[in-house]
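Below: one structure, written as structure tokens.
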Amino acid sequence: MSKQDYYETLGVAKGATVDEIKKSYRRLAMKYHPDHNQGNTEAETKFKEINEAYEVLKDDSKRAAYDRYGHAAFEQGGGGNPFDFNFGGGFGDIFSEVFSDIMGGGRRTAQAASGRDGEDLRYDLEISLEDAFNGLEKEISFPMEKVCDKCHGFGTKDGKEPPICPTCRGSGRVHRQHGFMIMESTCPDCGGRGRKVKDACPECKGSGTIPFTKELRIKVPAGVDDGTRIRLAGEGMPGLGGGRNGDLYIFVSVREHKLYSRQGADLFVQIPISMVCAALGGSVEIPGIDGHKIEVKVAAGTQSGQRLKIKGEGMPKIRSLDKGDLWVDFKVETPVNLAPRQKELLEEFRSIGGHDSCQPAEKSFFEKIKDLFAA
């Protein structure tokens, strides 16, 4: 049975960027992680295929070899080693040293290359507008990796630091010369770590880390807005060989509310009122975003589209005791399905006259039309 194309396994196009590949990998890894699919052998197989594809496509040199040779690039007897990029001595070594000085400000030592910072992680959190108003604490869980206890992150069977990689001599990078051009890429033998594992740790298979589901309690401050990013330092992927842990970034999205819309710290609401309420005045009661009742005064003669400001009834402002305002837009409804008596009363109102003073905008409009016809 032939292997599935690595790009198809991760659900990305052949020209996908590294960020797109990482994003798709994390999404699929979360979906098929064994902790979330206990007893599901198909999910376990899929999880292994996803990891195998990611290990190749995340590395520039391995990906280039795969694009050229396919799966044969990683099989014994596949027609030569497509990863044999280093010069092996002589003039090439001298030239590569000069190149490293220009590109990296001096050659990297084996000690520096052995340390590897952990990757940053992203977690998407959707909350309600009420949660954004009050703030909240929430337990989240997500798949990640931790340092292997058996090998202490070295990836070796004996739990000791592996020897310097002979291919890149500890730099983690290799160089290939094309005429006067030199191409630099991640060392294919050590994966950029600068040290090569010969006898791999049986627990982590030489990676230095093992997957697990991390649980974390996070705090979202009151007043947080849609699109806010919260950084939790050191809560990302673990660093290896003395490297620092990555960070966890919480990206907050706020769901649309049934009643309120939001702009910054201000809230907006549209209230329908009857023609009678608009004409005579009155009050309307609405629920505030924090649950308490707000009485909205309607002035006599209120027009449709007229806006009222209620100070301090908006969202909290982060790192402040102040709040935004609530803006009420009135929408005057024309009555429908009138009872016979209601029609009679309206007809009586119309017959009384005096509309010029009651409806000045209507009078002004028709006077403009009259002037236009007379021109």
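For this structure, a couple of remarks:
- Linear extension gain, F349 paired with E126, 0.36 nm per residue minus alpha-carbon span: 75.0 nm
- Other residues whose C-beta falls under 11 angstrom from the C-beta of D60 contribute a net charge of +1, scoring Lys and Arg +1 and Asp and Glu -1.
- Accessible area (Å², per residue) of segment 242-286, counting only protein heavy atoms and a probe of 1.4 Å: 55
- The distance between label points at L216 and I318 comes to 1.6 nm (points 7 Å beyond Cα on the Cα→Cβ vector).
- With a simple spin-label model that places each label point 7 Å from the Cα along the Cα-to-Cβ direction, the separation between D67 and L338 comes to 7.4 nm.
- Our estimate of slack between R176 and R27, defined as 0.36 nm per intervening residue step minus the Cα-Cα distance, is 50.2 nm.
- Counting only protein heavy atoms and a probe of 1.4 Å, the accessible surface of segment 123-163 is 41% carbon and sulfur.
- Among the listed pairs K138/K331; K23/K198; K309/K343; K146/K196, those beyond 27 Å (Cα-Cα): K138/K331; K23/K198; K309/K343
- Carbon plus sulfur fraction of accessible area for segment 1-68, probe 1.4 Å, in percent: 48
- Taken as Cα centroids, segment 286-327 and segment 18-77 sit 52 Å apart, rounded to the nearest whole angstrom.
- Here K146 sits with roughly 80 square angstrom of accessible surface, probe radius 1.4 Å.
- Taking Lys and Arg as +1 and Asp and Glu as -1, the other residues whose beta-carbon sits under 14 Å from that of G282 total -2.
The values are calculated or read from the model by the stated rules, or taken from the named source; none is laboratory data. Nothing here was measured: the structure is a model prediction, and the numbers come from that model. Here the Cβ is made from the backbone with ideal geometry for all residues, glycine too, and neighbour counts use every protein chain on show. SASA here: full protein model, heavy atoms, side chains in, ligands and nucleic acids out. Shrake-Rupley method; radii C 1.70, N 1.55, O 1.52, S 1.80 Å.
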